[in-house]
Amino acid sequence: MSTQDTPPVVSIRDLDIAFSVDAGSVEAVSDVSLDIRRGSILAIVGESGSGKTVTSKSILGLLPETATARGAVLLEHRADAAMRDVISLRGHQLRQIRGADAAMVFQEPTSVLNPVYKIGWQIAEGLRAHGGISRKEARARAIEYLGLVGIPDPAERVDYYPHQFSGGQKQRIVIAMALALRPGLIIADEPTTALDVTVQAEILELLRRCRDEFDATILLITHNMGVVADLADEVAVMHHGRIIEQAPVRELFSHPRQEWTRTLLAAVPRIGQEPPRVLPEEPSSPPETPRRAEAVVAARDMTVEFPGRWGRPPFRAVDGISFEIRPGEVLGLVGESGSGKTTTGRAIAGLQRIHSGSLEVLGHEMRDFSERRFRPVRRDIGFVFQDPGTSFNPQLTIAQCIAEPLVVHGAAEDSLDARPRVDELLEAVQLHPSFGDRFPHELSGGQRQRASLARALALDPKLLIADEPTSALDVSVQARVLRLFRDLQDQLRFACLFITHDLAVVDLVAHEVAVLYRGRIVERGVTRQVLTDPQDPYTQRLIASLPVPDPVEQARRREEFLRLEPGPR
């Protein structure tokens, strides 16, 4: 689609944005100029802190009071097509443009949707505020747009609350809210971060429909170059608050001019990018008594059920799965949200009871296990969580957070006594020991995740459970954290259950992979073999949904993804 001759919906000229802080002023955006033309999808890419989101929020006048903006942000007014400078607007004037001239799809829909109101009411609220329509008409429009974005049974589910929808469905609802007033511009700020790759592919297809069927212009904010290759017409690369490169998507991917752009492209994980991981050698034993090392984790026909409510039958989250993890091995557990990945990890950690079958962890049977007897075993199990920001105590320093398991399990008297071990762990994860004196909010996302890995390794665990440890990180930061994880695992030889929805990540770190679908393992084997020659349709769909940083190849993969069935035959 050629949009070079169409007028811009947004025209940003010489934009500077600075934030007032205690130490003075911090410049977040410097000398940014760009046009977003009608009917196009412009992607602004860069790492966290590059100025992407700040630039996008200036279009809606959403900057905080501590921000000072200079320059011009001209937005087309839907009613008369006149261009208005958003920076000069205040109060009521800003409320008029929000939702009507431009709307925003935020990264985390849970933070946008009010948990105490039904989603139909929340969509209708914007319609009634701007459109002056009746409650009945607003409800009908809410049902219409829920259906348009792919929510099943919209007439019934319009009366559901946000917690009754999956993550992907909540993102669709937020897109429906953005579309409801037919704005000229939709700003999508990291709309697929931390979503399953199959759900991500569906959301990207929905955004493409917003452009093609609803005549919307889209500003896409992302750090994922695979997503850009899938969706964008034009790309602007930001680094340290400046636009360092801008070009049509195919030109930028085939001939990037800046070294930083090439770094972003190289950071996107791809299947087959790294040498395959080989299973660790078995300990030597006499030929007449061959044996394998005893499994750290052994599941046999394991089932986990949650009791039903109001007379409903129990929900079977994990349905008769079997696998083993031996010393030095990393098993990748992949699948969509709701497939049973996290429930399996919780069962191994003793945080979820199993219903039937057998699960042995470090020689302890977990069916009907005794918490008192299992408690000493917990020191041999480490955890790396998806969001270290919420797993760290914000009132403790990083050193105190890392020292906590040492103190709890009696390996140190207090955090001061544990400090030499903490400094050693920080250096092992490539952080200077001085980072231990900082609080969690003073570290970047990648630094916090490395500190989380240091805490998990504090007691030299025999088993590590990593639950989506890199899904919310920038791709360049993710690449560094994954390589660090791989190096540490090669060095320390701990067994690991690595839970993720991203098969390219599994290819980098796991020796074997098990694919979960609705609580069942549908495919399992050596990682590279499964990923290069998948036998199950669901595995094939997962692989096809993985975006790659090549617009031509990604277009082919998108067609393949849409052709495949949504589940195993």
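The values are calculated or read from the model by the stated rules, or taken from the named source; none is laboratory data. Since this is a predicted model, take the numbers as computed values, not measurements. Ideal geometry is used to build each Cβ from the backbone, glycine not excepted, and the neighbour counts take in all protein chains shown.
Of the strands (runs of 3 or more DSSP E) lying entirely inside segment 210-258, those carrying at least 3 residues that are buried (at least 22 other Cβ atoms within 10 Å of the Cβ) are 217-222, 234-239. For segment 259-275, the tally of residues that are part of a loop (DSSP other than H, G, I, E, B) and of a type in the set (Val, Ile, Thr) stands at 2. Taking the criterion of being touching a Phe, Trp or Tyr at 6+ places or on another chain (Cβ under 9 Å) and either in a helix (DSSP H, G or I) or of a type in the set (S, T, N, Q) (or both), the residues of segment 378-413 that qualify are 391, 395, 397, 398, 399, 401.
Conditions (1) under 20 Å from residue 242 (Cα atoms); (2) in contact (Cβ under 8 Å) with a residue 60 or more places away in the chain; (3) among the basic types (Lys, Arg); (4) surrounded by fewer than 18 Cβ atoms within 10 Å (Cβ to Cβ), marked per residue:
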residue: 58; (1), (2), (3), (4): yes, no, no, no
residue: 67; (1), (2), (3), (4): yes, no, no, yes
residue: 70; (1), (2), (3), (4): yes, no, yes, yes
residue: 73; (1), (2), (3), (4): yes, yes, no, no
residue: 79; (1), (2), (3), (4): no, no, no, yes
residue: 82; (1), (2), (3), (4): no, no, no, yes
residue: 85; (1), (2), (3), (4): no, no, no, yes
residue: 88; (1), (2), (3), (4): no, no, no, yes
residue: 94; (1), (2), (3), (4): no, no, no, yes
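For first residues located in segment 367-392 and in contact (Cβ under 8 Å) with a residue 60 or more places away in the chain, partners that are aromatic (Phe, Trp, Tyr) and lie 6+ apart or on another chain with Cβ distances below 6 Å form the pairs 391/385. Residue 164: within 30 Å of residue 8 (Cβ to Cβ) and surrounded by fewer than 19 Cβ atoms within 10 Å (Cβ to Cβ), yes or no? No; evaluated as a whole, the condition is false for this residue. Within segment 502-510, identify whether any single residue is among the β-branched types (Val, Ile, Thr) and surrounded by fewer than 20 Cβ atoms within 10 Å (Cβ to Cβ), and answer yes or no. There is no residue in segment 502-510 that is among the β-branched types (Val, Ile, Thr) and surrounded by fewer than 20 Cβ atoms within 10 Å (Cβ to Cβ). Using the structure shown, decide if residue 470 is surrounded by 22 or more Cβ atoms within 10 Å (Cβ to Cβ), without any contact (Cβ under 8 Å) to a residue 60 or more places away in the chain and closer than 22 Å to residue 343 by Cα. Yes, satisfied. Are any of the residues in segment 335-344 part of a strand (DSSP E or B) and closer than 26 Å to residue 202 by Cβ? Checked segment 335-344: no residue is part of a strand (DSSP E or B) and closer than 26 Å to residue 202 by Cβ. Residues in segment 369-390 that are farther than 24 Å from residue 492 by Cα and under 26 Å from the mean Cα position of the chain (by Cα): 389, 390.
All of (1) assigned to a loop (DSSP other than H, G, I, E, B); (2) modelled with pLDDT under 85; (3) not small (Gly, Ala, Ser) hold for residue 459 with one exception: (2). Within segment 15-34, the set of residues being surrounded by 18 or more Cβ atoms within 10 Å (Cβ to Cβ) and more than 21 Å from residue 264 (Cβ to Cβ) comprises 15, 17, 18. For segment 130-158, the candidate set comprises residues that are within 14 Å of residue 113 (Cβ to Cβ) and over 24 Å from the mean Cα position of the chain (by Cα); within that set, the residue that is surrounded by the fewest Cβ atoms within 10 Å (Cβ to Cβ) is 157.
Taking the stated definitions as given, is residue 328 part of a loop (DSSP other than H, G, I, E, B) and crowded, with 16+ Cβ neighbours inside 10 Å? Even if it seems obvious, please write down each step before you answer.
Numbers: part of a loop (DSSP other than H, G, I, E, B): yes; crowded, with 16+ Cβ neighbours inside 10 Å: yes.
Yes, satisfied.
Considering only residues that are farther than 17 Å from residue 382 by Cβ and surrounded by 15 or more Cβ atoms within 10 Å (Cβ to Cβ), which ones fall in segment 432-452? Passing the criteria: 433, 435, 436, 438, 439, 440, 443, 445, 446, 447. Remark: pairs (first residue in segment 103-128, under 26 Å from residue 54 (Cβ atoms) and in contact (Cβ under 8 Å) with a residue 24 or more places away in the chain; second residue outside any helix (DSSP H, G or I) and of a type in the set (Ser, Thr, Tyr); Cβ separation under 6 Å; 6+ apart in sequence or on different chains) = 107/193.
Looking only at segment 174-192, decide whether some residue is farther than 22 Å from residue 114 by Cβ, in a helix (DSSP H, G or I), modelled with pLDDT under 90 and among the hydroxyl-bearing types (Ser, Thr, Tyr). So far as segment 174-192 goes, no, none of its residues is farther than 22 Å from residue 114 by Cβ, in a helix (DSSP H, G or I), modelled with pLDDT under 90 and among the hydroxyl-bearing types (Ser, Thr, Tyr).
Output the residue which, of all residues in segment 4-23 that are in a loop (DSSP other than H, G, I, E, B) and of a type in the set (Asp, Glu), is farthest from residue 66 (Cα to Cα). Working first, answer last.
Looking only at segment 4-23, we keep the residues that are in a loop (DSSP other than H, G, I, E, B), and these are 4-7, 22-23.
The next check asks that each one be of a type in the set (Asp, Glu); those that pass are 5, 22.
Working: 5: 38, 22: 11 Å.
So, considering only residues that are in a loop (DSSP other than H, G, I, E, B) and of a type in the set (Asp, Glu), the one farthest from residue 66 (Cα to Cα) is 5.
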